[in-house]
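Accompanying notes for the structure given below.
Every read-out reported here was derived from the displayed coordinates using simple, explicitly stated rules and does not represent laboratory data. The shown structure was predicted, so the numbers you read here are calculated from the model rather than taken from an experiment. As a convention, Cβ positions derive from the backbone with ideal geometry for all residues, glycine included, and neighbour counts pool all protein chains shown.
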Amino acid sequence: MSEPEREIEERLSRSVAAYHEAALVYTAVKLNLAEKMGAASWRAKPLAAALGLSAPHLGRFLRGLCIIGLCEERADGSFALTSAGRSLMPGSRLAMKVEIVVEQYWQPWANLILTLHNGVPAFERVFGASVFDWRRAHHEQGALFASYLAKENASALDAIIQAVDFAGVATVAVLQSQSQFAGETFDSARMVELSRPFSRLFDVASRVEFVPGNLLEEIPVEADLYLLIGVLQQFADADAATILKNCRAAMRDGARLVIAERLLPARATEDPGAVMLDLHMMTITGGRARTLADFETLLSHSGLAPSNVKATRTGLSIIESTG
């Protein structure tokens, strides 16, 4: 075996075995270990009593957390969280991502072959419903995803704001593909968090509206600028085109549409992250990542004309268009 082949084999072996680490992190999150342990040092027995667990087994588990850097084992046999372990506090973006990945994504990805057989997202085959319907039926999981998505979008907004010209913009409509959360208001804490970066940009006379609902039916708001962050990638081409047509129908003269998504490269190795995103959408939602040419085609078929394209430091690209 050549050296390059050996390196590939070793890398794949590590990747396959990574489920051990993921399971350890997920268990720590479900136990709310970061909140329970805090900054204190714990022996396994009292911590197990506090958590209602088996002390010998918890001790072995904590040693596993030491291996992956979430805990440290003290000379006296006690355990304390590292800074990485403390980052898993309930409600943190990382803790939410861990729960979503394990509870919503693991099984579909393990059954990716089902999608390859007939093109139906593996999520639907595993859970018996589309990801949108499933999250609506499982409200706690749906709310968890909505909160995580708000944090993700908020983290990207600074880069988007730097890339988009907001001069003369009085109203921004942030379009959310959240039709699966019927009955939930979007002036909630998660939407307030999403709005914070805008507050640094707009004066009190300006407005930011978060528009939930079914974007496949209508966009019930008039604005100077419509912002779609990672929305179209969740849908196949036909539905993505419908959303864009609904945007076009809502846009008054002079309004602009801004799409913020990761562009699919011409060759896979040019942006592996975008390729993995494309596979994730194929497996979970039935959507896809798209090349710039794909977006140009969708926009033109929807009565919109691309006017500007910019890359951001986060890996997202900004595609602006007008009617």
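Couple of notes before you dig in:
- Computed from the C-beta positions of Ala22 and Phe166, the FRET efficiency with R₀ = 41 Å rounds to 0.55.
- Computing FRET efficiency as 1/(1 + (r/R0)^6) for Asp158 and Glu222, where r is the C-beta to C-beta distance and R0 is 25 Å, gives about 0.45.
- Diffusion coefficient (Stokes-Einstein, Kirkwood radius over C-alpha pairs, 4 °C, 1.567 mPa s) for the stretch 1-62: 93 µm²/s, rounded to a whole number.
- Backbone N within the stretch 244-269 under 19 Å of label point (7 Å from Thr297 Cα along the Cβ vector): 244-245, 261-268
- Computed per residue of the chain from DSSP H runs no shorter than four, each worth -39500 (n - 2.57), the mean residue ellipticity at 222 nm is -15000 deg cm²/dmol.
- Whole-Hz couplings from phi, Karplus 6.51/-1.76/1.60, listed for the stretch 123-133; x for Gly and Pro: 4, 5, 6, 7, 9, x, 7, 5, 4, 5, 5
- Around the amide H of Ala223, modelled in the peptide plane, lie the amide H atoms of Arg252, all under 5 Å away and 5 or more residues distant in sequence or on another chain.
- FRET E, pair Ala143, Leu116, Förster distance 45 Å, beta-carbon r, rounded to 0.05: 0.90
- Antiparallel bridges, percent of DSSP beta bridges restricted to the chain (to nearest 5): 50 percent
- Here is the P(r) of the stretch 1-108: all C-alpha pair distances, binned every 5 Å from 0, give 2, 11, 20, 21, 16, 12, 8, 5, 3, 1, 0 in whole percents.
- Near the amide H of Arg290, within less than 5 Å, lie the amide hydrogens of Leu264, all on another chain or at least 5 residues away, with H placed in the peptide plane.
- Proximity of backbone amide H atoms, modeled 1.01 Å from N, is registered between Phe79 and Trp42, Arg43, Arg74 at under 5 Å, excluding neighbours fewer than 5 places apart on the same chain.
- Viscosity 0.692 mPa s, temperature 37 °C, Stokes-Einstein D of the stretch 107-157 from Kirkwood C-alpha radius, µm²/s: 270 µm²/s
- Comparing Cα centroids, the stretch 1-77 and the stretch 249-323 end up 39 angstrom apart.
- Shown here is the pair-distance distribution of the chain: with all Cα-Cα distances grouped in 10 Å bins from zero up to the longest one, the shares run 5, 22, 29, 24, 14, 6, 1, 0 percent.
- Note, ³J(HN,Hα) from phi for the stretch 271-286, Karplus 6.51, -1.76, 1.60, rounded to Hz, x at Gly and Pro: 7, x, x, 5, 5, 5, 4, 4, 5, 5, 5, 4, 7, 9, 9, x
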